[in-house]
Amino acid sequence: MKFLGYVLRNTARNPIRSTLTIASVAISLFLMTMLVTYLAINNEVRGTVKAYNRIITMSSQGFAQPVPIAEVARIGAMEGIEAASPLLWYGGKYQEETLAFAQFGIDGDTIFKIYDEYSIPPDQLKSFQQDRSGCVIGRKLSAERNLKIGDRIPLKGDIYPFDMNLTVRAIYDGPENRDLRACWFHWEYLEEGLKRDFKGKGAGNAGAVVAKCEDGDSIPSLCKKIDTLSLNSDSPTRTQSEEAFLKMFSEFAGDLRVLIRNVGLAVVFSLLCVSGNAMAMALRERTREVAVLRAIGFGKLLILFLVLAESVFVAVLGGVVGSIGSKFLFDFFDVSRYSAGFLPFFYVSWTTALAGLAVAATIGLLSGIVPAALAVRNSVIDGLRKVV
Amino acid sequence: MSKTHAIQLNRVAKEYRRDTFRVPVLAELDLDVDEGEFLALMGPSGSGKTTLLNLIAGLDRPTSGEIWIRGQELSQLTDSELTRWRADNIGFIFQLYNLIPVLTAFENVELPLLLTSLSRKRRRDQVRTALRVVGLSDREDHYPRQLSGGQEQRVAIARAIVTDPYLIVADEPTGDLDRASAEDILDLLEQLNREFQKTIVMVTHDPHAAERAGRLLKLDKGRLVDDASKSRLGAVS
Ligand SMILES: Nc1ncnc2c1ncn2[C@@H]1O[C@H](COP(=O)(O)OP(=O)(O)OP(=O)(O)O)[C@@H](O)[C@H]1O
Ligand SMILES: [Mg+2]
């Protein structure tokens, strides 16, 4: 492409302006890529949990409200339920990290029946079940923090006053799309500590109840049954499938998707303005030059093409930095380990990254059209007369 | 027919329309220029020299009348054909050189060749030849800002001749240059005319420059005042 040199030189004419345009495209696309990826991952994870037939019971008042521990036994005894366990978010600090990894108080006898997609060596499970202050951690957590069996995990209570001193007794593994960074400890260990040292403050709370159903078809009726039974108690519950629960959790009642789409459109529009304005300014400075090119025989279409190539090039450069850059950044640097279990993994798929690039190219094309059309519409002789 | 007319203007008129009223610039102009002639156009500011040059070069269209260049009547061509025609037939030299600042001397000269289907190697050969003619072989990698005004104008001339155009038009090519540089440019134009038999039309304010041309015409208020046959300046002086 023999005009490539000229197009490239043009983008380098005003490095500050080009850099600013590239940066604004890059930053916007970086953020968009992240949001879209977040939604995509949640979608993906949610799609896979359906097969496990799990339901989660929480307080109808929301997360912060307790669910009495008696609910676990009640739900576990129901027909159609295979097993139930408390699922208590401890939220402790590990060393200096506030949001270190997810820590849940669970029932060591049932939890691996409920999460049966996880694998755990039987001898390790046994030694966990026999140690009150023992814990099970995920393979990734073990690898990333170099925590081995027998290592101590001191956790400083944040929600609860009781500090825990756990010992790793087992390491579980499982499919990549599950949280392999969780730390599960015996619910009773915390309970006893609270009763012993803090007069039972915060005790008796299951947090939530997770249960495995015998078959998926019965989930709606089971959820309804559980909630109906607790309706007139002091702590009414809200039960839903794990899938629905995750959706609620990740999307703040589903508005996030719409919000992201609208924000995305607004971002694209403002990028059009930014990049279009930069291009218009660039061409304004080149009025005379465009006239000279036309005089020596460059056709309107060719000029149009050169201008569009320039604006597409700048925008695509921004897209490469923002979109492809975010892909490589997150490939290299897995932020999911800092998400405290909210995200089992975080990587930008090629589909998302290339879609970002396509958005950038489209922005370049659209933003170049108006300035380009105006530039070729100018009369050649007026352009030549113009003294800049 | 003994000789082809390079340029033939028949009753050419040009007026600019500004809102409702009209500004007549050229009125009923006839002109013949032979192939290989070096014509200088003089006249007071605003007399229509640039306008006339633009018409001859196919940059603008007359309000009425015919313009024949090398046997082609320009009004027969559509806008895009006219653009193509300029690329093939006209070499432009401007007062303000009008080089592209982000391109080197070599690349500036190469620009018109990018519109042709010549191979990279052929283009390079032609650019080198053109730069050699204007004496700037050693400056091909320089950017316009690294050149003096006279050198810039020589690069512009190289750009104008690189496609071996039929006609060279120059609008005050020495208007922005000092005496010595201006002489260089005029030498070059003379050489192009004499050695390469290029037909040249040059607008100038400078009587010195006009002397170098084979023929001088004066334009006043849109009319050619000197009769073409009587103004063989070279013969007079
Ligand atoms: N686009 C235009 N619209 C209206 N009037 C114009 C336009 N271009 C030129 N004119 C007028 O046409 C007349 C001739 O202009 P032209 O540029 O041809 O003169 P010139 O002889 O080249 O002058 P100079 O020596 O100053 O370059 C002037 O009166 C000018 O104001
Ligand atoms: Mg003029």
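The values are calculated or read from the model by the stated rules, or taken from the named source; none is laboratory data. Every value quoted in this text rests on a predicted model; they were computed, and no experiment measured them. Here the Cβ is made from the backbone with ideal geometry for all residues, glycine too, and neighbour counts use every protein chain on show. What goes into the accessible areas is simple: the full protein's heavy atoms, side chains included, and nothing from ligands, DNA or RNA. Shrake-Rupley method; radii C 1.70, N 1.55, O 1.52, S 1.80 Å.
Residue B:47 fulfils the conditions (1) within 14 Å of chain A (Cβ to nearest Cβ); (2) modelled with pLDDT under 95; (3) within 15 Å of ligand 2 (Cβ to nearest atom) except for a single criterion, (1). Contact map, the range A:355-382: residues that are assigned by TED's automatic domain parsing to the domain that holds residue A:11 paired with residues that are open to solvent by 80 Å² or more (accessible area, probe 1.4 Å) and in a helix (DSSP H, G or I), Cβ distance under 6 Å, separation 6+ or inter-chain. Pairs shown: A:376/A:300.
Table: residues versus (1) more than 16 Å from ligand 2 (Cβ to nearest atom); (2) open to solvent by less than 10 Å² (accessible area, probe 1.4 Å).
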residue	(1), (2)
B:20	yes, no
B:23	no, no
B:39	no, yes
B:58	yes, yes
B:66	yes, no
B:69	yes, yes
B:79	yes, no
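To keep it simple, each residue is scored yes or no on (1) closer than 30 Å to residue A:97 by Cβ; (2) touching a Leu at 6+ places or on another chain (Cβ under 8 Å); (3) open to solvent by 10 Å² or more (accessible area, probe 1.4 Å).
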site	(1), (2), (3)
A:277	no, no, yes
A:280	no, yes, yes
A:304	no, no, yes
A:329	yes, no, yes
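Tell me, yes or no, whether the range A:298-315 has at least one residue that is away from every other protein chain (no Cβ under 14 Å) and either within 16 Å of ligand 2 (Cβ to nearest atom) or under 28 Å from the mean Cα position of the chain (by Cα) (or both). Yes. Of the residues contained in the range B:172-188, one or more are found to be within 16 Å of ligand 1 (Cβ to nearest atom), in contact with a strand residue (DSSP E or B) (Cβ under 6 Å, 6 or more places away or on another chain) and at negative phi.
Being among the β-branched types (Val, Ile, Thr) and outside any helix (DSSP H, G or I): is that true of residue A:292 here? Considered against the rule, which asks whether it is among the β-branched types (Val, Ile, Thr) and outside any helix (DSSP H, G or I), residue A:292 comes out as no.
Do we find that residue A:376 is within 16 Å of ligand 1 (Cβ to nearest atom), within 14 Å of chain B (Cβ to nearest Cβ) and at pLDDT 90 or above in this structure? Taking the combined requirement at face value, the residue does not satisfy it. Can you spot a residue in the range A:214-221 that is part of a helix (DSSP H, G or I), within 14 Å of chain B (Cβ to nearest Cβ), open to solvent by 30 Å² or more (accessible area, probe 1.4 Å) and without any contact (Cβ under 8 Å) to a residue 24 or more places away in the chain? No - not one qualifying residue is present in the range A:214-221. Filtered by the rule that a residue be out of contact with any strand residue (DSSP E or B) (no Cβ under 8 Å at 6 or more places or on another chain), within 29 Å of residue A:127 (Cα to Cα) and open to solvent by 10 Å² or more (accessible area, probe 1.4 Å), the range A:192-213 gives A:192, A:195, A:196, A:197, A:198, A:200, A:202, A:203.
Please count how many residues of the range B:71-99 are touching a residue at least 60 places away in the same chain (Cβ under 8 Å) and under 23 Å from residue B:28 (Cβ atoms). Total meeting the criteria: 1. For the range B:5-12, the count of residues that are touching a Phe, Trp or Tyr at 6+ places or on another chain (Cβ under 9 Å), of a type in the set (Gly, Ala, Ser) and within 11 Å of another protein chain (Cβ to nearest Cβ) is zero. Looking at the range B:173-187, is at least one residue within 16 Å of ligand 2 (Cβ to nearest atom), surrounded by fewer than 21 Cβ atoms within 10 Å (Cβ to Cβ) and closer than 24 Å to residue B:52 by Cα? Yes. Residues that are more than 10 Å from chain B (Cβ to nearest Cβ) and hydroxyl-bearing (Ser, Thr, Tyr) within the range A:1-29 comprise A:18, A:19, A:21, A:24, A:28, listed in sequence order.
To keep it simple, each residue is scored yes or no on (1) within 29 Å of residue A:22 (Cα to Cα); (2) within 14 Å of another protein chain (Cβ to nearest Cβ); (3) buried (at least 19 other Cβ atoms within 10 Å of the Cβ); (4) within 17 Å of the chain's Cα centre (by Cα).
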residue	(1), (2), (3), (4)
A:343	no, no, yes, yes
A:348	yes, no, yes, yes
A:352	yes, no, yes, yes
A:356	yes, no, yes, yes
A:371	yes, no, yes, no
A:382	no, yes, no, no
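Filtered by the rule that a residue be more than 8 Å from every other protein chain (Cβ to nearest Cβ), within 13 Å of the chain's Cα centre (by Cα) and not aliphatic (A, V, I, L, M), the range B:70-103 gives B:89, B:91, B:95, B:97. Whether a residue is under 30 Å from residue B:143 (Cα atoms) and not assigned by TED's automatic domain parsing to the domain that holds residue A:91 was assessed, and residue A:40 does not pass this test. Against the conditions (1) crowded, with 17+ Cβ neighbours inside 10 Å; (2) not in a strand (DSSP E or B), where does residue A:105 fall short? Just the number, please. Only one criterion is unmet by residue A:105, namely (2).
Restricting attention to the range A:175-187, the residues that are open to solvent by 20 Å² or more (accessible area, probe 1.4 Å) and modelled with pLDDT of 95 or more add up to 1.
Can you tell me which residues in the range A:224-272 are charged (D, E, K, R), at pLDDT below 80 and open to solvent by less than 30 Å² (accessible area, probe 1.4 Å)?
Matches in the range A:224-272: A:251 only.
Tallying residues that are within 13 Å of ligand 1 (Cβ to nearest atom), within 21 Å of residue B:75 (Cβ to Cβ) and open to solvent by 30 Å² or more (accessible area, probe 1.4 Å) within the range B:4-18 yields 3. Filtered by the rule that a residue be closer than 23 Å to residue A:175 by Cβ, in contact with a helix residue (DSSP H, G or I) (Cβ under 9 Å, 6 or more places away or on another chain) and open to solvent by 70 Å² or more (accessible area, probe 1.4 Å), the range A:110-135 gives a lone residue, A:116.
Within the range B:154-172, which residues are over 20 Å from residue B:110 (Cα atoms) and in a loop (DSSP other than H, G, I, E, B)?
B:172
Here the condition is being of a type in the set (D, E, K, R) and more than 15 Å from the chain's Cα centre (by Cα); of B:32, B:60, it holds for B:32 alone.
Checked against the criterion of being assigned to a loop (DSSP other than H, G, I, E, B) and assigned by TED's automatic domain parsing to the domain that holds residue A:131, the candidates A:190, A:166, A:155, A:147 yield just one match: A:147.
Regarding residue A:79, is this residue open to solvent by less than 60 Å² (accessible area, probe 1.4 Å) and charged (D, E, K, R)?
no
For the condition open to solvent by 50 Å² or more (accessible area, probe 1.4 Å), more than 9 Å from chain A (Cβ to nearest Cβ) and more than 20 Å from residue B:190 (Cβ to Cβ), residue B:138 qualifies.
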